[in-house]
Amino acid sequence: MAQGQKRNTPVVPNAIKALDQFKYEVASELGINPPQDGYWGTMTTRDTGAIGGHMVRKMVALAEQQLAGRQGF
């Protein structure tokens, strides 16, 4: 995909900064050195996939905890 064409736009636009920070935190937890220049295109698919997969797992766990805390759906 050409640079500048972005398909994965967050549902909540104000969350862009938080999601980017979260991506770097997860990469650090996995022992993956994130790119210093912010360009992820030179990283392996395996590494970026691992980061994305762990991000999704953590977000699902958070959503499940929030749903479990609700009373009377």
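The values are calculated or read from the model by the stated rules, or taken from the named source; none is laboratory data. Being a predicted model, the structure only gives us computed values, none of them experimental. Every residue, glycine as well, gets a Cβ built from its backbone with ideal geometry; the counts of neighbours run over all protein chains shown.
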*asked:* Against the definition (assigned to a helix (DSSP H, G or I), more than 14 Å from the chain's Cα centre (by Cα), modelled with pLDDT of 90 or more and hydrophobic (A, V, I, L, M, F, W, C)), how does residue 67 come out, yes or no?
replied: yes
*Residue ID - farthest from the chain's Cα centre (by Cα), chosen from residues in region 38-47 that are assigned to a helix (DSSP H, G or I) and surrounded by fewer than 12 Cβ atoms within 10 Å (Cβ to Cβ)*: 42
_Which numbered condition residue 35 misses (of (1) part of a loop (DSSP other than H, G, I, E, B); (2) loosely packed, with under 11 Cβ neighbours inside 10 Å)_ = (2)
*asked:* residue 50 - would you say it is surrounded by 10 or more Cβ atoms within 10 Å (Cβ to Cβ) and without any contact (Cβ under 8 Å) to a residue 12 or more places away in the chain?
replied: no
